[in-house]
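Engineer: Below is the structure I would like to discuss, written out as structure tokens.
The values are calculated or read from the model by the stated rules, or taken from the named source; none is laboratory data. Predicted, not measured: the structure shown is a model, and the values here were computed from it. Cβ placement follows ideal geometry from the backbone for every residue including glycine, while neighbour counts extend to all protein chains displayed. We work out accessible area using only protein heavy atoms, side chains counted, and drop any ligands, DNA or RNA first. Shrake-Rupley method; radii C 1.70, N 1.55, O 1.52, S 1.80 Å.
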Amino acid sequence: NSPEDQEPLILFVGSILTRRHLPWLISAFARVLTRAPEAKLVVIGSNRTYPYEHLGQLSKGLGIDDRVSIDGWGDDKRLTSYYGRARVFAFLSEYEGFGLPPLEKSSARPQFTQSLGISTVSPMQSSQASIELLEQSTTY
């Protein structure tokens, strides 16, 4: 295991759409870092926001770009690795037709739903919820 594998990981997977509030997630993550400076946020998906949301610029402006990774879609092996490492799965969508990424996360690491539960929080509560979930989680 590399040191990177041991970092507390917050993960978002899905097409990046305006209704999924990624700017809120990144801003909340900046607050998470005050309590968990070793945490990392990984965002996987294509940016399809309109108007276009410059997420990389936002993380850089907040001074957290070294702790935020924004990547396009990758292969299944890489995605499975991220699902397995994530201690927190963030999905701040206002509405979804299918909501498959949370189900994929649950199947990749079944103890995730058993030990932490899946909580529904408002975007404004996301940083506190992430901090609590990181503190409750243990290394699996």
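For every residue, the table says whether it meets (1) of a type in the set (D, E); (2) open to solvent by 60 Å² or more (accessible area, probe 1.4 Å); (3) touching a residue at least 12 places away in the same chain (Cβ under 8 Å).
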{"residue": "A30", "(1), (2), (3)": "no, no, yes"}
{"residue": "A39", "(1), (2), (3)": "no, no, yes"}
{"residue": "D66", "(1), (2), (3)": "yes, yes, no"}
{"residue": "G74", "(1), (2), (3)": "no, no, yes"}
{"residue": "T80", "(1), (2), (3)": "no, yes, yes"}
{"residue": "S93", "(1), (2), (3)": "no, no, yes"}
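Engineer: Only residues that are of a type in the set (G, A, S) and surrounded by fewer than 16 Cβ atoms within 10 Å (Cβ to Cβ): list them for the stretch 41-64, please.
Structural biologist: Result: S46, G56, G61, G63.
Engineer: Considering only residues that are acidic (D, E) and in a loop (DSSP other than H, G, I, E, B), which ones fall in the stretch 43-93?
Structural biologist: From the stretch 43-93, those acidic (D, E) are 53, 65-66, 71, 75-76; that's our starting set.
Hits for the stretch 43-93 are E53, D65, D66, D75.
Engineer: Sticking with this one: I'd like to verify a number: residues in the stretch 17-54 that are closer than 22 Å to D75 by Cα and over 12 Å from the mean Cα position of the chain (by Cα), how many?
Structural biologist: Selection size over the stretch 17-54: 4.
Engineer: Would you mind stating whether S27 is outside any loop (DSSP other than H, G, I, E, B) and farther than 16 Å from S93 by Cα? Talk me through it step by step, then tell me what you get.
Structural biologist: Numbers: outside any loop (DSSP other than H, G, I, E, B): yes; farther than 16 Å from S93 by Cα: no.
No: the conditions fail for S27.
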